[in-house]
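Taking it in order: structure first as structure tokens, then the write-up.
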Amino acid sequence: MLRLESLSCGYGQMRAVHALDLEARTGRITALLGANGAGKSSTIMCIAGHVDVFEGRVLYKEAAITGWNPMQRVKAGIGLVPEGRRLFSSLSVRENLVIGGYCRAKADTAAGVDQVVQMFPRLGERFHQRAGSLSGGEQQMLSIGRALMSQPELLLIDELSLGLMPKAIDICYAVIADLKAKGMTIVLVEQSTQRALEVADDVTVLESGAVVWRGSAQDARESTEMIDASLGLT
Ligand code: ATP
């Protein structure tokens, strides 16, 4: 579904990611792990078209999309749940969802909102409440829901569990497992290695913008070397 070929990206003169090769296979969850500053967010934001590519290519469904802008990528089926949620805090839950479906037909938007509310009943209970007044967990649910409104085939999630209560983490992870069961391809950035390994199929660990470990989630679960790498202890 997605392939990064020798991708280097960053900000101005600063390279955050160096010659990264990464593949996210269809219907699988690829976890991107690593300590703070390892380059996980830069990679995700580069796939979404928000960070400049210096070298290399981004291939989506075999097409080179390296030069595409973020909106083209959303329309092509790449959804983003960004770190920190980035909701429209003064708008309601409903309005945030409708904005997420801006590239869909109006009738589809209504159906999409219904689907998201079925997935996250809590959002239905808060439907007309301002996003800024939601709990952190509810905001994360809304951020996932907003991304789903564009009907993505590839979902990019940056820091799913960061700062959330355990109950909210459980709800978000249950939805992620459900999306995977329905065939969604997911790239998941997580600071919680344990949580990520519960759902992931494939794992890549970054350190200082480069790959230090790569393998299956099963191998990762059995590898203390991987755990150390993901925590930046290597
Ligand atoms: P974290 O978990 O702390 O978000 P991360 O693995 O996601 O870490 P990135 O946020 O991608 O790492 O950061 C990689 C490098 O890029 C770091 O050295 C960071 O300081 C730098 N960086 C990130 N965002 C910017 C920016 N907007 N401008 C300049 N440098 C940045």
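Some notes on this structure:
- Scope region 13-34; condition surrounded by fewer than 21 Cβ atoms within 10 Å (Cβ to Cβ) and within 7 Å of the ligand (Cβ to nearest atom); matching residues: M14
- Among the conditions (1) touching a helix residue (DSSP H, G or I) at 6+ places or on another chain (Cβ under 8 Å); (2) assigned to a helix (DSSP H, G or I); (3) within 14 Å of the ligand (Cβ to nearest atom), the only one that I227 does not satisfy is (3).
- Sole residue being among the polar types (S, T, N, Q), open to solvent by 60 Å² or more (accessible area, probe 1.4 Å) and under 28 Å from R25 (Cα atoms), chosen from Q140, Q115, Q129: Q115
- Top-ranked residue in region 35-71 [being assigned to a strand (DSSP E or B) and not charged (D, E, K, R); ranked as surrounded by the most Cβ atoms within 10 Å (Cβ to Cβ)]: V58
- In region 150-165, of all residues being open to solvent by 20 Å² or more (accessible area, probe 1.4 Å) and away from the ligand (no atom under 16 Å from the Cβ), the one that is farthest from L87 (Cα to Cα) corresponds to E153.
- Candidates A147, A168, filtered to the one that is open to solvent by less than 20 Å² (accessible area, probe 1.4 Å), in a helix (DSSP H, G or I) and in contact with a helix residue (DSSP H, G or I) (Cβ under 6 Å, 6 or more places away or on another chain): A168
- Residues of region 107-120 satisfying the condition of being farther than 19 Å from R85 by Cα and either in contact with a strand residue (DSSP E or B) (Cβ under 6 Å, 6 or more places away or on another chain) or of a type outside the set (S, T, N, Q) (or both): A107, D108, A110, A111, G112, D114
- Some residue of region 201-213 being in contact (Cβ under 8 Å) with a residue 40 or more places away in the chain, among the charged types (D, E, K, R), part of a strand (DSSP E or B) and within 16 Å of the ligand (Cβ to nearest atom): yes
- Qualifying residues in region 53-76 (those that are modelled with pLDDT under 95 and over 18 Å from the mean Cα position of the chain (by Cα)) - the one farthest from the ligand (Cβ to nearest atom): E62
- Every residue from region 181-196 that is open to solvent by less than 10 Å² (accessible area, probe 1.4 Å) and not charged (D, E, K, R): T185, I186, V187, L188, V189, A196
- Residue, nearest to I186 (Cα to Cα), within region 1-12, restricted to residues that are open to solvent by 60 Å² or more (accessible area, probe 1.4 Å) and within 9 Å of the ligand (Cβ to nearest atom): Y11
- Test for G79: is it within 16 Å of the ligand (Cβ to nearest atom) and farther than 15 Å from L22 by Cβ: no
- So A220, is it within 16 Å of the ligand (Cβ to nearest atom), surrounded by 21 or more Cβ atoms within 10 Å (Cβ to Cβ) and in a helix (DSSP H, G or I): no
- Residue check, S135 at pLDDT 90 or above and out of contact with any Asp or Glu (no Cβ under 8 Å at 6 or more places or on another chain): yes
The values are calculated or read from the model by the stated rules, or taken from the named source; none is laboratory data. None of the values given here were measured: they were computed from a predicted structure. Please note: Cβ atoms are built from the backbone with ideal geometry, for glycine as well, and neighbour counts cover all protein chains shown. Areas reflect the complete protein model, heavy atoms only, side chains present, ligands, DNA and RNA absent. Shrake-Rupley method; radii C 1.70, N 1.55, O 1.52, S 1.80 Å.
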